[in-house]
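K.L.:
Can you read through this structure? Questions will come right after.
Please treat every number below as a calculation from the coordinates, not as lab data. Computed from a predicted model, the values in this text were never measured in an experiment. Glycine gets a Cβ as well: all are built from the backbone with ideal geometry, and neighbour counts include every protein chain shown.
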Ligand SMILES: Cc1ncc(C[n+]2csc(CCOP(=O)(O)OP(=O)(O)O)c2C)c(N)n1
Ligand SMILES: [Mg+2]
């Protein structure tokens, strides 16, 4: 007898994001909503500062698009686009102080930009040119973690170090909805809650873990998991940069006060592919994408702020300048020696690694290369 196909992706539909309990300060139509709890947290954010956040998002979207073009032109090996997640990344990163530290996955290039990564820094790893794009100490951001969820443990460890040092710096751990199914993330939250570590767990729920919908990770909002750890959970509209700023500021303040971790779920949508190696047309329902396009983070701020044509033009030029600098930096990176890929894998090279190095050297020699 044939068994029914109960493969998980067929058995359960994608969870529809709940909207009733979402912290939102600016609607998709650009209307400012009052919120008695969070308005005081962003009372100092005037139109000029909001325009600054708008500019950040425009720049981030512009260089992200440029990076995809570079990959398509064979200049980058891979790129993980963040289209649609600009508000989640900019709003949270702009809540940070310079002495704070962030641990991210591969997708947080918008966070890196806000932390001060230079155009060249953003290109090096994805061109296969360096093991790290920047010095973590210089910009207060660890190099991106590709092992899903592992960075949350590093963040908790760093936050415990802040406690021991007696400083009031705080830490943000960025991770995705898929990462919430990893043991590392659970352990990081248990440990952080036990020791009241000054860490904010910032989950960008972009609805997908490659081709797996968030409904496979959880049937409840991710923020609800916080209760199990005994920490606050906040569900914020991840496409509303002001709400994200407010939620992250409040969580960072709490961490600095010694009141421990917070879990923030920023509800957003990955508008592009998982990476440039992915084809989302094979699994994304186009009508879902359309619905999320109507909640675009940049458009809603334009509707709220109505920047003049002149201002809009200045911002577009700044974005173009960053993207151009990034392209030029990318094309100008020196080619690394092929065998250097084996350097720095371990402090002491192992026998298998040495064997691979000599095999690869012999292979290259066939082409007459050193
Ligand atoms: C430990 C581990 N398992 C699997 C993978 C392969 N992988 C890379 S990204 C990814 C999905 C992650 O989804 P999510 O956490 O939602 O983050 P997003 O990519 O959506 O930002 C998987 C399974 C990996 N890199 N590391
Ligand atoms: Mg995801």
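K.L.:
Calculate how steeply helix 309-332 sits against the longest principal axis of the alpha-carbon atoms of the chain, using the helix alpha-carbon long axis, and give the answer as 0 to 90 degrees to the nearest 10.
P.N.:
20
K.L.:
Using Cβ contacts closer than 10 Å as the measure, can you line up 107, 357 from fewest to most? Don't jump to the answer; show the numbers that get you there.
P.N.:
Working: 107 23, 357 16.
The fewest-first ordering by Cβ neighbours comes to 357, 107.
K.L.:
Same structure again: What shape does the chain have by the C-alpha gyration tensor, where a ≥ b ≥ c are the square roots of the eigenvalues, rounded means a/c under 1.5, and otherwise prolate means a/b greater than b/c and oblate the rest?
P.N.:
Values: a/c = 1.38, a/b = 1.29, b/c = 1.07.
Rounded is the answer for the chain, as its axis ratio a/c remains below 1.5.
K.L.:
Restricting to the chain, compute how many DSSP beta bridges are antiparallel as a %, nearest 5. Present the calculation step by step, with values, prior to reporting the outcome.
P.N.:
On the way: 3 of 25 bridges.
For the chain, the DSSP antiparallel bridge percentage is about 10.
K.L.:
Still on this structure, I have one more. Label the range 18-125 by shape, choosing from rounded, prolate and oblate, from the square roots a ≥ b ≥ c of the eigenvalues of the Cα gyration tensor; if a/c is under 1.5 it is rounded, and otherwise prolate applies when a/b is larger than b/c, oblate when it is not.
P.N.:
In terms of gyration-tensor shape, prolate.
K.L.:
What is the P(r) of the range 253-327, as percent of Cα-Cα pairs per 5 Å bin from 0?
P.N.:
Whole-percent P(r) values from 0 Å outward: 3, 11, 11, 12, 15, 17, 16, 11, 5, 0.
K.L.:
Given axes a ≥ b ≥ c from the Cα gyration tensor, I'd like to know whether the range 226-285 is rounded (a/c under 1.5), prolate (a/b larger than b/c) or oblate.
P.N.:
prolate
K.L.:
Expressed in nm to one decimal, what extension gain is obtained for the pair residue 181 and residue 342 from 0.36 nm per residue of sequence separation less their Cα-Cα distance? Please report the intermediate quantities before stating the final value.
P.N.:
Values: separation 161, 0.36 × 161 = 57.96 nm, distance 3.22 nm.
So the chain would gain 54.7 nm between residue 181 and residue 342.
K.L.:
While we're on this one: So what are the three principal axis dimensions of the range 211-313 from its Cα atoms, in whole Å, longest to shortest?
P.N.:
On the principal axes, the range 211-313 reaches 43, 41, 23 Å in Cα extent.
K.L.:
With a Cα-only, solvent-free Debye model of the range 241-370, what are the log10 I(q)/I(0) values at q = 0.16, 0.21, 0.22 Å⁻¹?
P.N.:
For the range 241-370, the Cα-only Debye profile gives -1.08, -1.22, -1.25.
K.L.:
Quote the relative contact order of the range 39-336 in percent (integer), defining contacts as alpha-carbon pairs under 8 Å separated by 6+ residues.
P.N.:
Values: 556 pairs, mean separation 77.5, N = 298.
It rounds to 26 percent for the range 39-336.
K.L.:
Right, next: For the chain, set up a Gaussian network in which alpha carbons nearer than 10 Å are linked by springs, and say which option among 211, 358, 277 fluctuates the most.
P.N.:
Among 211, 358, 277, the largest GNM mean-square fluctuation belongs to 358.
K.L.:
Here is a follow-up. What's the angle, to the nearest 10 degrees (0 to 90), between helix 47-72's Cα axis and the longest principal axis of the chain?
P.N.:
Result, in degrees: 30.
K.L.:
Would you mind ranking 348, 290, 265 by Cβ crowding within 10 Å, fewest neighbours first?
P.N.:
348, 290, 265
K.L.:
Moving on to the next point. Which angle from 0 to 90°, rounded to the nearest 10, does the C-alpha axis of helix 183-195 make with the longest principal axis of the chain?
P.N.:
Roughly 50 degrees between the two axes.
K.L.:
Rounded to the nearest angstrom and ordered from largest down, what semi-axes does the equivalent ellipsoid of the range 152-251 get from its C-alpha gyration tensor (root of 5λ)?
P.N.:
Value: 23, 16, 12 Å, ordered largest first.
K.L.:
To make sure I understand, if each residue's beta carbon is the centre and we count other beta carbons within 10 Å, what order do 125, 146 fall in, fewest to most? Each step should come with its number before you reach the end.
P.N.:
On the way: 125 20, 146 11.
The order, fewest Cβ neighbours first, is 146, 125.
K.L.:
Also, I was wondering about something else. In nm, to one decimal, how far is the modelled label at residue 361 from the one at residue 294, with both set 7 Å along Cα→Cβ?
P.N.:
6.3
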